[in-house]
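See below for the structure under consideration.
The values are calculated or read from the model by the stated rules, or taken from the named source; none is laboratory data. Bear in mind that the values here come from a model prediction, so they are computed numbers and not experimental data. Cβ sites come from the backbone with ideal geometry, for glycine too, and all protein chains shown count toward neighbours. These accessible areas exclude ligands, DNA and RNA; they are computed on the full protein's heavy atoms, side chains included. Shrake-Rupley method; radii C 1.70, N 1.55, O 1.52, S 1.80 Å.
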Amino acid sequence: EDKQWYQRRVRGGVEETVLHTEEYSMDLYKEQLQHIVEDHDEEKGPLFLYFPVQTPHFPIEVPKRYYDIYEGIVENEARRTVMAMISAMDEAVFTLVNGLEQRGMWDNTVLIFLSDNGGELGCGQYNYPLRGGKASLWEGGIRTTAFLHSPILPRTTGVVNHEMIHVTDWLPTITRIATCGLEDPHKACSLDLGNINGVDQLATITLPGTLSNRTEILVNIDPLWHNKAIISGRWKLIVGPNGHDGWLPPPELTSNEVEEWVEIDDGGRWRLFDIQSDPYEKEDVSLKRLDIAMELFNRLNEYEVVMVEPGNKPYDPDSNPKYFNGTWTPWLETC
């Protein structure tokens, strides 16, 4: 059976539904990016474009033209496919940047590139030397790289920032850029965003040496999986079971480049790590620093008291896209 799906797209302000068969999704996104940039009317205001790419996400598939790029370079098939998927993503980003340049919009653009989690172990993705992967609370699952680029910013090429920044910080940071510009990141800027967890990190990102506006990250509280974690300064506490564990090196590393690690575990129901001196989470120090562990555990409990309960619902077969022209859409009258 052919793979097929429906795409809702807008052309010239008119929404239409198109059936696609045996097409790579990134090609569709790339085409849509071109149209969004070409159709944008700058007189009506600036363009905000959020582009969540599907690669290198499961299913691990890629057209042959990208797969062939790594012939003779990468032997592991899963690894080669993932790298080819990243090349497809890279081409889409190039298409976006090129389109903005052609429209004369690039010189007034801020591009933010980030990931929502670490790589998923077992399907050609690796986070080594960080521990664990996607769907875990280990650093390999939650710590990612990101960059911000803009022709408006002063040149700071090659500057690496190790300050603490959380994904929730992007909302106030982007809002600050849109409201007050990039010229003086330290200047006060009134942002009416209500009581949110994110903080403005523009100065931290754009001015090397500026300390982060946060010292703590609530990693997660999951009452369904019965685990939670928090980072405060150099300390990280993980409570309850954790998944996707281990240090999995990529196949291209030689045995001389890989260290064999076994966790030094205090054997308790929680784990405490000094991620400043032990970023790979090799040694649980919860018994040695019980005071820190208790302090962070109590902080987690404070968050848990005020958290919103998860809204997970069981699967409803009536939601199947086949009933809605192949589109994921609200299906209950109460939605």
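May I ask you to give the average projected area over all directions of the convex hull of the Cα atoms of segment 16-107, in nm² rounded to one decimal?
Averaging across all directions leaves 7.6 nm² for the Cα convex hull.
Please give the contour-minus-distance gain from Ile86 to Asp316: 0.36 nm per residue of separation, less the Cα-Cα distance, rounded to one decimal in nm.
79.4 nm
Out of the total accessible area of the chain (probe 1.4 Å, heavy atoms of protein only), what percent is carbon and sulfur?
Carbon and sulfur: 52 percent of the exposed surface of the chain.
Leaving ligands and nucleic acids out of the surface, order Ile112, Ile69 by accessible area at 1.4 Å, largest first.
Correct descending sequence by accessible area is Ile69, Ile112.
Where only protein heavy atoms count, and the probe is 1.4 Å, what is the accessible area per residue for the chain in Å²?
Heavy-atom SASA per residue in the chain reads 63 Å².
Say the cut-off is 23 Å between C-alpha atoms; which of Lys228/Lys313; Lys134/Lys228; Lys236/Lys313 go over it?
Too far apart for the 23 Å limit: Lys236/Lys313.
Show which aspartates and glutamates lie in cross-link reach of Lys282 when reach means a straight Cα distance below 14 angstrom and same-chain residues fewer than eight apart are skipped.
The reachable aspartates and glutamates, counting only those whose Cα sits under 14 Å from Lys282, are Glu139, Asp245, Glu259, Glu260, Glu263, Asp265, Asp266, Asp274.
Before rounding to the nearest 500, sum -39500 (n - 2.57) across all DSSP H runs of length at least 4 in the chain and divide by the residue total; then give [θ] at 222 nm in deg cm²/dmol.
-7500 deg cm²/dmol
Measure nothing fancy, just the Cα-based angle from helix 170-180's long axis to the longest principal axis of the chain, in degrees from 0 to 90, nearest 10.
60 degrees
With the Cα gyration tensor of segment 79-226 giving a ≥ b ≥ c as the square roots of its eigenvalues, does the rule (a/c under 1.5 for rounded; else a/b larger than b/c for prolate; else oblate) give rounded, prolate or oblate?
Note, shape of segment 79-226 comes out oblate.
Subtract the Cα-Cα distance of Glu43 and Ser255 from 0.36 nm times their separation in residues, and report this length gain in nm to one decimal.
Result for the pair: 70.5 nm of gain on full extension.
How big is the gap, in Å, between the Cα center of segment 175-235 and the Cα center of segment 44-77?
Distance between centres, Cα-based: 29 Å.
Regarding segment 192-284, what's the average projected area of the Cα-atom convex hull, expressed in nm²?
Over every viewing direction, the Cα hull of segment 192-284 projects on average to 9.6 nm².
Taking θ as phi - 60°, what are the ³J(HN,Hα) couplings along segment 132-137 by the Karplus curve (6.51, -1.76, 1.60), each to the nearest whole Hz, with x for Gly and Pro?
x, x, 3, 6, 10, 9
On average over all directions, what projected area in square nanometres does segment 181-227 have, based on the convex hull of its Cα atoms?
5.1 nm²
May I ask for the angle, rounded to the nearest 10°, between helix 25-39 and the longest principal axis of the chain, with both axes built from Cα atoms and the value confined to 0 to 90°?
It is inclined by approximately 60 degrees.
Val110 to Glu295: FRET efficiency via 1/(1 + (r/R0)^6), r the Cβ-Cβ distance, R0 41 Å, to the nearest 0.05?
The formula returns an efficiency of 0.60 here.
What is the set of long-range amide H partners of Glu283 at a cut-off below 5 Å, with H atoms built 1.01 Å from backbone N?
Distant-sequence amide H within range of Glu283: Ile264.
Suppose R0 equals 22 Å. What FRET efficiency, 1/(1 + (r/R0)^6) with r the Cβ-Cβ distance, do Glu163 and Lys187 give to the nearest 0.05?
0.70
Got a sec to turn the phi values of segment 68-74 into Karplus ³J(HN,Hα) couplings, 6.51 cos²θ - 1.76 cosθ + 1.60 with θ = phi - 60°, whole Hz, x for Gly and Pro?
Going residue by residue, I get 5, 4, 9, 5, x, 9, 10 Hz, with x marking Gly and Pro.
Translational diffusion coefficient, Stokes-Einstein: compute it for segment 108-173 using the Kirkwood radius over C-alpha pairs as Rh, at 4 °C and 1.567 mPa s, and state it as an integer in µm² s⁻¹.
The diffusion coefficient I find is 95 µm²/s.
Helix 290-306 against the longest principal axis of the chain: what's the angle in degrees, Cα atoms only, rounded to the nearest 10?
It is inclined by approximately 40 degrees.
May I ask you to compute the full-extension gain from Gln276 to Glu304, defined as 0.36 nm times their residue separation minus their alpha-carbon distance, rounded to one decimal in nm?
Length gained, Gln276 through Glu304: 7.5 nm.
Could you order peptides 127-136, 273-282, 322-331 by the average number of other Cβ atoms within 10 Å of their residues, highest first?
Averaged packing, sorted descending, gives the order 127-136, 273-282, 322-331.
Using modelled amide H (1.01 Å from N, peptide plane; none on Pro or chain starts), what sits under 5 Å from the amide H of Ile152, excluding residues fewer than 5 places away?
Under 5 Å from the amide H of Ile152 lie the amide H atoms of Thr109, each far enough along the sequence or on another chain.
Over the heavy atoms of Asp68, what accessible area does a 1.4 Å probe trace out, to the nearest 10 Å²?
For Asp68, the solvent-accessible surface is approximately 60 Å².
With r defined as the distance between the Cβ atoms of Val199 and Glu75 and R0 fixed at 45 Å, what FRET efficiency is calculated, to the nearest 0.05?
The computed FRET efficiency comes out at 0.50.
Report, by chain and number, residues whose modeled amide H sits under 5 Å from the one on Asn220, excluding near sequence neighbours (fewer than 5 apart, same chain).
Ala229
For Thr95, what is the net charge nearby, where nearby means another residue's Cβ is under 13 Å from its Cβ and Lys, Arg count +1, Asp, Glu -1?
Result for the local shell: -4.
Rg and Dmax of segment 271-335, Cα atoms, in Å?
For segment 271-335, the Cα-based Rg and Dmax read 21.7, 59 Å.
Mind checking which of Pro59, Pro314, Pro250 has the largest fluctuation in a GNM of the chain, springs on alpha carbons under 10 Å?
Its mean-square fluctuation being the largest, the pick is Pro314.
At 20 °C and a viscosity of 1.002 mPa s, what translational diffusion coefficient does Stokes-Einstein give for the chain, taking Rh as the Kirkwood radius over Cα pairs? Give it in µm²/s as a whole number.
Answer, rounded: 92 µm²/s.
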